[in-house]
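The values are calculated or read from the model by the stated rules, or taken from the named source; none is laboratory data. Keep in mind the model is a prediction, meaning the values are calculated, not measured. FYI the Cβ positions are ideal-geometry reconstructions off the backbone, even for glycines, and counts take in every protein chain you see. Note: areas computed on protein heavy atoms with side chains; ligands, DNA, RNA excluded. Shrake-Rupley method; radii C 1.70, N 1.55, O 1.52, S 1.80 Å.
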Amino acid sequence: MTRTLLALAARGATTRDLAHRWRQVSVLVGSLLATLAILAATAFVVAAHGAQTRADARTPVVTADGTGAPLRMVERGTVWDRRQFPVVWLEASDGAGDVPLPPGLAALPAPGTVAASPAMLDAGVLDGLDLVASPVGTGARGAIGDEGLRASSEMLAYAVPAPGRGLGKGGSVVGVTGFGPDAAGVGTLQGWETEPETAPVAWVVTFALLTLVLPGLVLLVGCASSASAYRGGRAATLRVLGLSPGQVRAVGGVETLLVAVPGVLLGVLAWIALAPGRSFPGGELVLLPGALVLPAGAVAVCAVAVAGVAGVVGALPARPAARTTGALTSALRARAGSGRAGLVLLGAGFAVMVASRSTAGELAYLVNGVGLIATAVGLPLAMPWFVRAVGAAVSRSDRPEAWLAGRRLVHSPVALARPGVAIALLVFLLGAATSVVRDAADVEGSGTVVANWRDPRPGDLAAVHDRLGVGSPGAGGFAVAMRSDRGATLHVATCDDAARLAGLPDCSVVVGGPEAALARAAERVGALDATVGDPPELTDAGAWDVVYTLGPGQRVEDVEAAFAGLPAANVGSDIALRPPAAMALVGPAILMAAGLLLAAALHAFGNRSIGQSADDGRLLTVAGMTVRQVRRMHRRTLLAPVVVTVPVATGAAVVEAWAMTSVELTQVVVAPLVVQGLVTIGATALVALGVARFQLRLLAAATR
Amino acid sequence: MIQVRSLGVVRGDVTVLAETSFEVPDGTVTALVGPSGSGKSTLVRCLAGLAAPTTGTVLVDGVDVARLGAAAQAAFRRDMLGLVFQDPELLDELTAAENVALPRLVAGAPRRTALEAARAALAVVGCEHLAGLRPGTFSRGEAQRVALARALATPGRSVVADEPTASLDRTNGRLVVDLLVRHAREHGAATLVATHDPEVVERCDAVVDLRAGAAVVG
């Protein structure tokens, strides 16, 4: 019996029946893409775990009060090319014997030098910041070795103060007894890095689930339940022949499994070809060699999981490939879901999103979130109303195929809107996300830079200003001030400096005169008050910050370079940093997820077209319609919901983007959203045309 | 008149029909009988232009169906031949009247005219009360009578039915055959009915038996 069932399943899997071709291709392609998506998700999680493990291994273990440790350390964030990266300053304690070393270093850098990561060396950062490299790393060229890096693209440096200089005492200097989870100490230093090059494991797991695994499974499940008149008919025949429902399901499951397996194997081969890759389009992240290569066991588990899901879905009772427009249940659903309630909800969602512009702060996010959810829920519920309205208009046509398409849209708006709904929801959510991502890329800073350093000596500031050209004619002029860390008093040399700190060209344009200029400058840099006069002498570590306002053509990197030689120089600014390398992958990942979901939606669209082809086509040709008329009618019936729903969704995305500009979360990016909508409609039309060619063959076969 | 001349249909290595010839004069009803697989449905499909003969010709009111192009064949089905199948083949999104009017509407007839003609055809089969209803609520017999109304509303005088009573109870089956015979008599229609039902055969004027792939006219 089992052998017979297997033979039946194998026949079903390999049949050349045209009515089964769509399902065979769908299961094969769906399995391939789902395998790729799930292997990629697994590899990203494994890569993130590896990066986290290496980051843990270099996490310093500190003493309670910083004393008695063989190594003293302070971490600074340095900016280069709008990327912030950590420079870890190390200093062996006096009389210390064996000094613990972070992974990737064979020895401490020589005094006044740094051990840099390969990415820093390649980017020319050392030259730009006037730093001297020390080849004490375990990697090639004496750079920090891979075991001490999260990723190949990570910028990281270990620096040792110049001869005669030190890290001083107090402040953020910590005593380090070792690195990694095995080192003894009172605890680890949490959050010592400025910007992790790679994302936390939990974040990657969540993101991979949302952008790869779930969309991949949605596509797989959709493909594995593809319409097949052949399969539906065969299942009915097998039941008539005396097979139990379980046996019929088993045949269906094995048949699907047999078609899925080649797709899974192709997916595995594709991943094997892609896995050695370390970089991603549109992102700067470069992983360590082999980071995405999965162990054979993990690949096998993923492959079996995908094939298993396909088999289980294939074992579910086959849905008859009936005309979508005709069933009585469809008519009942149509009556039950007229879409009016959804229309009200959609309108309310729009109104609430618009209303969120009148609120501020956290409340704006809350109100907008409510509007966003109402729109996302209302959009699919309201679509039948739009589809029915379009159907009513189309059915007034004198062309028989348009008239019939209109009648179908009016009759079954819920069923016919469904593929359009999935696509519209995708367009809305992707559009909303796009407006956020675009805004994040365009934030401008004020140009204010705050710097301090450890172990200050008389003459340090003068040397820095010599390098910056402060006060020299033609240097462009940084506005310079001193901010007291204790009294929070801002010292500026002139009123013009105060005005420029406040973002104004000079003192004369400030309404209210010098006092107002000073007050605005103090407010701008977070000081309580401001005074004009010579700045005090810098002698006490951590007591003073030097504040600069960048003029035209001046960069924070210039300040960084001027301070680079000073111990643990800390140069901070609010300039718009580029997002962390891992974050730069968010956009492509969302696009990838959108691509998978769009593929799933388009498959559902094609599925519906194919499902109604043979039976419906035969019926209509008997009624005297030509094949061309039937195809035109099908195209109208299937495309109209997409053509009407996508603009509504695009409009919703534009409203959402406009609403959230009030809290500077988004930009109104109408052009990209319109392009997204057009691309979606275009992709749908292409699928419709492709499916139409196949429909023609099905129609010809059905009417032969 | 329906004329089948030396009709042969071969599919791959299988001869579905061989050298079949017969005529159905206007105003008469001919039964097409034969065991399953003898080619009854294939012959009906050849008559409707839904299948192509390998050899021979089929003429309906003098029109060689196989020589028509696809569009002309579609027009032929709309205008010249009433078709009835075992399955009523009704569109659920249309009312009964619209289903009956569909071929005329596809042909470009004014909607009002087509619907009036459809209602008249529905009255002929006793289903005028169903005109504004959709098929989802019809009984099998009602659905088949609506399908019959669609065939009888065709302007042409020829009707071809493929097992029209096979899925009906005896009462409804008789009713459908009565309507076919009455239509043939009153409108001079050449009517061919493929059937297994001896009661239907008894009501016909002639019988074509497709045993062994060839026609035996009785």
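Probe radius 1.4 Å, ligands and nucleic acids left out: can you give me the accessible area buried at the A-B interface, summed over both chains, in Å² to the nearest hundred?
On the way: alone 30520 and 9740 Å², together 37980 Å².
Accessible area lost upon association: around 2300 Å².
The helix-only estimate of mean residue ellipticity at 222 nm for chain B, built from DSSP H runs of length n ≥ 4 each weighted as -39500 (n - 2.57), is -11000 deg cm²/dmol after division by the residue total.
Within the accessible area of the protein assembly as shown, the carbon and sulfur atoms contribute 61%, probe 1.4 Å, all protein chains present.
Mind ranking B:4-12, A:118-126, A:103-111 by how tightly packed they are, going by the mean number of other C-beta atoms within 10 angstrom, highest first? Before the final figure, lay out the partial values.
On the way: B:4-12: 16.4, A:118-126: 19.9, A:103-111: 18.2.
Sorting B:4-12, A:118-126, A:103-111 by mean packing, highest first, produces A:118-126, A:103-111, B:4-12.
Rounding to the nearest 20 debye, state how big the charge dipole of the protein assembly as shown is about its Cα centre with +1 on each Lys and Arg Cβ and -1 on each Asp and Glu Cβ. Walk me through the numbers on the way to the answer.
Details: 75 positive and 73 negative charges, 1114 e Å.
Rounded to the nearest 20 debye, it is 5360 debye.
Compared with its chain on its own, region A:622-636 contains the following residues whose accessible area drops by 40 Å² or more in the full protein assembly (probe 1.4 Å; ligands, DNA and RNA excluded): A:VAL622, A:ALA623, A:GLY624, A:THR626. Gyration tensor analysis over the Cα atoms of region A:19-79 returns equivalent ellipsoid semi-axes of 53, 11, 6 Å (largest first, whole Å).
I need the fraction of alpha carbon pairs in region B:134-218 separated by more than 18 Å, rounded to a whole percent. Tail fraction, whole percent: 44.
Packing, as the average of other Cβ atoms within 10 Å across residues, places the peptides B:156-169, A:198-211 in the order B:156-169, A:198-211, highest first. Relative to the Cα centre, the charge distribution of chain B, modelled as +1 at Lys and Arg Cβ and -1 at Asp and Glu Cβ, gives a dipole magnitude of about 380 debye. Of interest is the spacing of the C-alpha centroids, which for region A:62-109 and region B:1-51 amounts to 95 Å.
Think of the protein assembly as shown as a dipole: +1 on every Lys or Arg Cβ, -1 on every Asp or Glu Cβ, centred on the Cα centre; then among A:LEU404, A:VAL687, B:HIS187, B:HIS187 lies furthest on the positive end. Contact-buried residues of region B:95-142, at a threshold of 10 Å² lost accessible area versus the chain by itself: B:GLU98, B:LEU102, B:PRO103, B:LEU105, B:VAL106, B:ARG111, B:ARG134, B:GLY136 (1.4 Å probe; DNA, RNA and ligands ignored). Cysteine residues of the protein assembly as shown whose C-beta has no other cysteine C-beta under 4.7 angstrom: A:CYS223, A:CYS302, B:CYS46, B:CYS127, B:CYS204. Accessible area per residue for the protein assembly as shown is 41 Å², calculated with a 1.4 Å probe on protein heavy atoms, without ligands, DNA or RNA. In the protein assembly as shown, a dipole from Cβ-located charges (positive for Lys and Arg, negative for Asp and Glu) runs towards its positive end, and of A:ALA604, A:LEU426, A:LEU528 it is A:ALA604 whose Cα lies farthest in that direction. Rg then Dmax, both in Å and based on the Cα atoms of the protein assembly as shown: 39.6, 127.
What size of dipole, in debye to the nearest 20, comes out for region A:32-119 about its Cα centre when the only charges are +1 on Lys and Arg C-beta atoms and -1 on Asp and Glu C-beta atoms?
Working: 6 positive and 7 negative charges, 76 e Å.
Rounded to the nearest 20 debye, it is 360 debye.
Dividing the Cα radius of gyration of region B:2-217 by its Kirkwood radius returns 0.96 for Rg/Rh. Think of region B:44-175 as a dipole: +1 on every Lys or Arg Cβ, -1 on every Asp or Glu Cβ, centred on the Cα centre; then among B:PRO53, B:PRO164, B:LEU122, B:LEU122 lies furthest on the positive end.
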